[in-house]
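Participant: Sharing a structure, written as structure tokens. Questions coming.
The values are calculated or read from the model by the stated rules, or taken from the named source; none is laboratory data. Only a predicted model underlies this, so the values are computations on that prediction, with no experimental measurement involved. Here the Cβ is made from the backbone with ideal geometry for all residues, glycine too, and neighbour counts use every protein chain on show. In case anyone asks, the SASA skips ligands and DNA or RNA and just uses the protein heavy atoms, side chains included. Shrake-Rupley method; radii C 1.70, N 1.55, O 1.52, S 1.80 Å.
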Amino acid sequence: MNWREYFHKVIVPELRLLGLIVFACLLISSTGVPFTWLIAISLLAFTAFHVYQMKLLLAWLMDKQLVAPPDDLRGIWYEIALETHRRNKITRANDAKLRQLIAQFRKVSTALPDGILILDELNRIEWLNKRAAKLLGLRRDQDRGSNIINLVRDPSFVKFYNDKIEGESLRLDSPASNQIKLDLRLIPYNNNNNKHLLIVQDFSALHRMEQMRQDFVANVSHELRTPLSVIVGYIETLDDDDSPELEAYHSIFWQMKQQSDRMTQLVEDLLILSNLENDQHINRQNNVVVPKMLDGIVDDAIILSGSKNHDIILEADENLWLKGNTREIHAVFSNLMSNAVHYTPELGRIVIRWYQTADHIIMEVEDNGTGIDHQHIDRLTERFYRADEGRSRSAGGTGLGLAIVKHALQRHDAQLSISSELLVGSTFRCLFPIERGIDASSIDTTEDPILTP
Ligand code: ADP
């Protein structure tokens, strides 16, 4: 209510009443009654009227129903009651809408195929739908208010929950049954990012399909190995045969040998990849003597480079070793190195570095070769993805090398970073966590034969 309205609705009627009282007092005082007495009595009555109005307003406010304001309210008291009533009506309408919305949300959450938990800033479950309770083996009523970490005790979940890395998801066997495979995601939902939604998805069907695909690839690759080695053996025998009747066929044998070597390499790479996918529990805490390993890889690279005569330089910290799996680390480094040789023209320069920074332990391969167009970089680690199909095939590439690198690095909590410029060159960097480093200068390698390269 603005001042104008307030003046007309409240002040004017009050002034009119006061004027009427003064006028009546003046009239009555002409009969001889003292004017001051009359004014005093009138003001008392005026005050009593307002006290009565206050009582009426209070009684009305205390009525839970809060129906329309009573007719006996007057002046400012009526206006107060009217405004309160109007606001109350709006609040009730909003409440009804909210209740409807909550009822609807409950129905939707029950129909959802995913589990949803609302977690407060102290990691307690504020609310969870039926599906979440089923997938995580929780009790909907009893477990509400409990700390989620006390209920889902799997160490990988505890780490995932404490780290709260945005966009990351966790795959976990359901605590209710290890036949159910779960995919968990944590999403902050308030401004301070301290309240979270935990989304739980059952991906058992997808897991089964993934498993079938992995088994299929592993079996096919394994089954192809023997027939392939027989074919390669016969081709080699025929190629080595100097008899005149076979002379015309040697170029054909050479092509057959080339293609069967490619197939053998493809099968080997597929087997390495499926081993990486399946061997979740192999030991990745061995002492890998990286400087020595890199010496060997550089020797192989020089042979591979052959007539291309690359300038291959190794800069390795001799006292830096790595905790990992020797076979897998070798696969990573040799794949990166052979790519550098394949994609760098003759007389090009390849530098392989092994060093430590404040944040990471790094193995990098830098070349001044063909480089890679920006648009391809994000997809290079996909299976069979090639930036330059023709060049890769002619270089004898299987298209699986960087997929192997990525998987093996993931198994070592490491990442692959690629920077490249077309026609300038590329740098492939493996970033290992500092915790995987071993300071070899503090190890007496003469006493421990296992540590000796
Ligand atoms: P491939 O067997 O084809 O080399 P990879 O998975 O090892 O398969 O590499 C994928 C693609 O990445 C290659 O086909 C090539 O286009 C590109 N690539 C990899 N390393 C380099 C490099 N050092 N320089 C230029 N391109 C590269």
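Participant: Which three semi-axes in whole Å describe the equivalent ellipsoid of region 3-105, each the square root of 5 times a Cα gyration tensor eigenvalue, listed largest first? Don't skip to the answer; put the middle values down first.
Facilitator: On the way: eigenvalues 373, 40, 10 Å².
Over the Cα atoms of region 3-105, the semi-axes work out to 43, 14, 7 Å.
Participant: Now a separate question. Taking the Cα atoms of region 107-217 alone, what are Rg (to one decimal) and Dmax (as a whole number) in Å?
Facilitator: 14.3, 47
Participant: Order these peptides, 358-364, 38-44, 163-169, by their mean beta-carbon neighbour count within 10 angstrom, highest first.
Facilitator: Working: 358-364: 17.1, 38-44: 14.0, 163-169: 10.4.
In descending order of packing, they fall as 358-364, 38-44, 163-169.
Participant: Let me ask you something else. Report, in deg cm²/dmol and to the nearest 500, the calculated mean residue ellipticity at 222 nm for the chain, where each DSSP H run with n ≥ 4 adds -39500 (n - 2.57) and the sum is divided by the residue count.
Facilitator: -16500 deg cm²/dmol
Participant: List the residues, sorted by chain then number, that are 5 or more residues from Ile312 or on another chain and whose placed amide H is less than 5 Å from its amide H.
Facilitator: The answer is Ile350.
Participant: Still on this model: Ignoring ligands, DNA and RNA, what accessible area per residue does region 292-433 give at 1.4 Å, in Å²?
Facilitator: Working: 6620 Å² over 142 residues.
With all protein chains present, region 292-433 gives 47 Å² per residue.
Participant: Calculate how steeply helix 204-240 sits against the longest principal axis of the alpha-carbon atoms of the chain, using the helix alpha-carbon long axis, and give the answer as 0 to 90 degrees to the nearest 10.
Facilitator: Approximately 10 degrees, to the nearest ten.
Participant: R0 = 51 Å: FRET efficiency of Val22 with Asp120, Cβ-based, nearest 0.05? Let's see the in-between values first.
Facilitator: Details: r = 64 Å, r/R0 = 1.26.
Using R0 = 51 Å, I get an efficiency of 0.20.
Participant: Further question on the same structure: Provide the per residue accessible area, probe 1.4 Å, for region 195-257, rounded to a whole number of square angstrom.
Facilitator: 70 Å²
Participant: Could I ask something else about it? Over all alpha-carbon pairs in region 174-232, figure out the percentage whose distance exceeds 16 Å.
Facilitator: Above the 16 Å cut-off, region 174-232 has 66 percent of its Cα pairs.
Participant: Also: Can you grab the distance from the C-alpha centre of region 328-371 to the C-alpha centre of region 136-168, Å, no decimals?
Facilitator: Result: 41 Å between the Cα centres.
Participant: Then there's this: Using a/c under 1.5 as the rounded threshold, could you call region 379-427 rounded, prolate or oblate? The axes a ≥ b ≥ c are square roots of the C-alpha gyration tensor eigenvalues, and prolate needs a/b larger than b/c, oblate otherwise.
Facilitator: Oblate, since a/c reaches 1.5 and b/c is not below a/b.
Participant: Highest first, please rank the peptides 242-252, 12-22, 124-134 by the mean number of other Cβ atoms sitting within 10 Å of their residues. Don't skip to the end; give the middle numbers.
Facilitator: Values: 242-252: 9.7, 12-22: 12.7, 124-134: 18.2.
Taking the mean over residues of other Cβ atoms within 10 Å, the ranking is 124-134, 12-22, 242-252.
Participant: For a quick size check, give me the Cα extents of region 286-442 along its three principal axes, largest first, whole Å.
Facilitator: So the three principal-axis extents are 47, 30, 26 Å.
Participant: Given axes a ≥ b ≥ c from the Cα gyration tensor, I'd like to know whether region 342-415 is rounded (a/c under 1.5), prolate (a/b larger than b/c) or oblate.
Facilitator: Cα axes put region 342-415 in the oblate bin.
Participant: If you take the alpha carbon radius of gyration of the chain and divide it by 2.2 N^0.38 Å, what ratio comes out, to two decimals?
Facilitator: Values: Rg = 41.1 Å, N = 453, 2.2 N^0.38 = 22.5 Å.
That works out to 1.83 for the chain.
Participant: Would you mind telling me the share, in percent, of accessible area of region 286-442 contributed by carbon and sulfur at probe 1.4 angstrom? Display every interim value, and only then the final one.
Facilitator: On the way: 3380 of 7280 Å².
On region 286-442, the fraction of accessible area on carbon and sulfur atoms equals 46 percent.
Participant: Taking only Cα atoms, what is the 0 to 90° angle, nearest 10, from helix 290-305's long axis to the longest principal axis of the chain?
Facilitator: Once rounded, the angle reads 60 degrees.
Participant: Checking the cross-link filter: which lysines have an alpha carbon closer than 27 Å to that of Lys308, excluding same-chain neighbours under 8 positions apart?
Facilitator: Lys257, Lys292
Participant: Can you order the peptides 260-270, 385-395 by their average number of other Cβ atoms within 10 Å per residue, highest first?
Facilitator: Numbers: 260-270: 16.9, 385-395: 14.3.
The peptides rank, most packed first, as 260-270, 385-395.
Participant: If you don't mind, there's one more thing I want to ask. What angle do you read, to the nearest 10 degrees and between 0 and 90, between the alpha-carbon axis of helix 35-62 and the longest principal axis of the chain?
Facilitator: Helix 35-62 and the main axis of the chain meet at about 40 degrees.
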